[in-house]
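Here the structure comes first, spelled out in structure tokens, and everything after it is commentary.
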Amino acid sequence: MDTTKTASPTAPEADAAEDQPAAGTPAEAEDTAAPTTAPAAGTDAPAPADAPADAHADEEPGDDLDDDEADAFPERPTGVGSAASAITAAGLGLIALSGSWVARVIGERQTLIGQIESANATTAKEKIAALYGDAWHMTALVNGLLSALALLLAAVVLAAPAFGAPGRVHPAWVRSVSWAAVALGVLGVLLFGLMYFDLLVPLPTAAE
């Protein structure tokens, strides 16, 4: 009796089946367990490559101020008008004391009028007043008005900070020029007032 065992025709197929991993094994499970879910909430996702590094890099430092904040910082006055007024007042006071061109022209005109009127004068006093007195008085009057204008303008400059913004003061040189104009104005008004009323350098008198 032949006891040799013959191989089954299906043996190679069985061996091949044993070499292949069975479905549902851990190896297949690891291959199929790829992460498909989105990152959890609260984690930092990487920024896109085309996104700018700093969204506020191109903004100016003052662009974030709105209109209300801009109104909270109003522009302070420069004081140019006060400085110009102080210089003008000092110039007027100095011109008045030295003799203005306007006063000289008006005085010469009054002298011409006095020469015409002196033809009808009967006394020496009237002739002197017509030829010289009226012209001197007109010169003193015009220069006195210029001095008064310089005094008034300087006083306005010095008093302006009291009616302006709280804490506003003029520079030191503006105050100095204004006080100089006040001094020149007071001196001019006093001097030309005495000349106009013949209290200083009165008209000469002649014997009748």
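General remarks:
- Atom-type composition of the exposed protein surface of segment 154-208 places 75 percent of the accessible area on carbon and sulfur (1.4 angstrom probe).
- Accessible area in square angstrom per residue, segment 112-208, 1.4 angstrom probe: 63 Å²
- Filtered chymotrypsin sites (Phe, Trp or Tyr not before Pro), segment 115-208: DSSP coil and at most 15 other beta carbons within 10 Å: PHE197
- Anisotropy class of segment 112-170 from Cα gyration tensor, a/c 1.5 cut: prolate
- Cut-off 13 Å (backbone N to label point 7 Å along Cα→Cβ of LYS125), residues of segment 171-208: 203-208
The values are calculated or read from the model by the stated rules, or taken from the named source; none is laboratory data. It should be emphasised that the depicted structure is a prediction, and the values quoted were computed from it without experimental measurement. We place every Cβ from the backbone using ideal geometry, glycine too, and count neighbours over all the protein chains shown. Keep in mind that these areas ignore ligands, DNA and RNA; they rest on the heavy atoms of the full protein, side chains included. Shrake-Rupley method; radii C 1.70, N 1.55, O 1.52, S 1.80 Å.
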